[in-house]
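Peer 1: Would you mind keeping the following structure in view while I ask a few things?
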Amino acid sequence: MSDRGLRVVWVYPDLLSTYGDQGNALVVERRAQQRGLAVQRTDVRSDEQVPTSADIYLIGGGEDRPQRLAAERLLRDGGLQRAVDNGAIIFSVCAGYQILGREFVNDLGEPQKGLGLLDVVSTRGEAERCVGDVLGDVDERLGLPQLTGFENHQGITHIGSGARPLARVRLGKGNGTGDGTEGAWNDTVFGTYMHGPVLARNPQIADMLIKLALDVNALPPVDDQWYEALRKERIAAALQPA
Ligand code: GLN
């Protein structure tokens, strides 16, 4: 963290912001401010260079063509890769998650190189698009409550030996491979298929990102009653028979 506070970068809002992804940036900002931290947030458009020395980077979901363009530009830019080398924390959603992987299938039906920051490969699912509520039990090493979210994707994602599933789905398709996994993570890079926006529905993930960025084990508690009420409501709605 610099003297000017926690540096948060929202990557490519002009291409990857289909599902209210700004909400994720707002939640990280707010949760840090509630702990008395100054926050310096930068929204980096796709015609700008990605800064390499921020603390937390957020990269969102998008449609297939913008996803191809975003991946091309990020690969050329190289800023995210350098940021990871500098110890940054990255949180990605859906198209952003696929872009951080080693490869995905683009809107032209061709395999396209990803940034290789997460050991996953995405292909195009042949089955119906994965759309609907998601409930997931998170990898216990992360110490997070049950996740709730919403997914909408055609791609399916296979996790390699260099990454671990973020969660196991109780409801929903997650990575879509049929093995019950959802999302992936290594020590500093996280990916999920959940929109929501996911951090508004699961603010403990935002806290986890802040803790990792600050290299601390705990943050002062904040009032989470509203979030917990939302979580209960979403779990009950998701489990209701159709
Ligand atoms: N284009 C990707 C897919 O359908 C990602 C979509 C998204 O971000 N919702 O798999």
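The values are calculated or read from the model by the stated rules, or taken from the named source; none is laboratory data. On a predicted model such as this, the values are computed, not experimentally measured, just so you know. Neighbour counts run over all protein chains shown; Cβ positions are idealised from the backbone, glycine included. Accessible surface areas use protein heavy atoms only, side chains included; no ligands, DNA or RNA. Shrake-Rupley method; radii C 1.70, N 1.55, O 1.52, S 1.80 Å.
Peer 1: Above 22 angstrom, tally the Cα pairs of the chain and express them as a % of all pairs, no decimals.
Peer 2: That fraction is 48 percent.
Peer 1: Pull up the DSSP beta bridges for the chain and report the antiparallel fraction as a percent, rounded to 5.
Peer 2: Within the chain, antiparallel bridges account for around 60 percent of the total.
Peer 1: Mind checking the per residue accessible area of the chain for me, 1.4 Å probe, whole number of Å²?
Peer 2: Per-residue accessible area for the chain comes out at 45 Å².
Peer 1: At 0.890 mPa s and 25 °C, plugging the Kirkwood radius over alpha-carbon pairs of segment 1-88 into Stokes-Einstein gives what diffusion coefficient in µm²/s?
Peer 2: Here the translational diffusion coefficient equals 184 µm²/s.
Peer 1: Per DSSP H run of n ≥ 4, the term is -39500 (n - 2.57); total these for the chain, divide by its residue number, and report the mean residue ellipticity at 222 nm rounded to 500 deg cm²/dmol.
Peer 2: Estimated from H runs of four or more residues: -8500 deg cm²/dmol.
Peer 1: Between Arg82 and Leu239, what is the label-to-label distance in nm when each label sits 7 Å out along the Cα-to-Cβ direction?
Peer 2: 4.9
Peer 1: Taking loop as defined by DSSP and a crowding limit of 16 other beta carbons within 10 Å, which trypsin sites (Lys or Arg not before Pro) in segment 106-166 fit?
Peer 2: Arg129
Peer 1: Report, in order of residue number, the helices in the chain meeting two criteria: a C-alpha extent of 15 Å or more along the helix axis, and a mean Kyte-Doolittle hydropathy of at least -1.0; treat each whole DSSP H run as one helix.
Peer 2: Qualifying helices, which must be both long enough and hydrophobic enough, are 22-34, 203-214, 225-239.
Peer 1: Tell me the carbon and sulfur percent of the accessible area for segment 124-187, rounded to whole percent, probe radius 1.4 Å.
Peer 2: 46
Peer 1: Which whole-number percent gives the relative contact order of the chain, counting Cα pairs below 8 Å spaced six or more residues apart?
Peer 2: 19 percent.
Peer 1: Can I ask one more? Quick one: accessible surface of Glu110, probe radius 1.4 Å, all protein chains present, in square angstrom to the nearest 10.
Peer 2: 90
Peer 1: Another question about this same structure. Please give every one of the aspartates and glutamates within straight-line cross-link reach of Lys211, meaning a C-alpha to C-alpha distance under 20 Å, and leave out same-chain neighbours fewer than 8 residues apart.
Peer 2: Asp3, Glu29, Asp55, Asp85, Asp139, Glu140, Asp187, Asp223, Asp224
Peer 1: What residue among Ser46, Ser161, Ser92 shows peak mean-square fluctuation when the chain is described by a Gaussian network model with Cα springs under 10 Å?
Peer 2: The residue with the greatest mean-square fluctuation here is Ser161.
Peer 1: Which one, Ala213, Ala229, Ala32, has the greatest fluctuation when you compute a Gaussian network model over the chain with C-alpha springs under 10 angstrom?
Peer 2: Ala229
Peer 1: So what are the radius of gyration and Dmax for the Cα set of segment 127-242, in Å?
Peer 2: Here Rg and the maximum Cα pair distance are 14.3, 45 Å.
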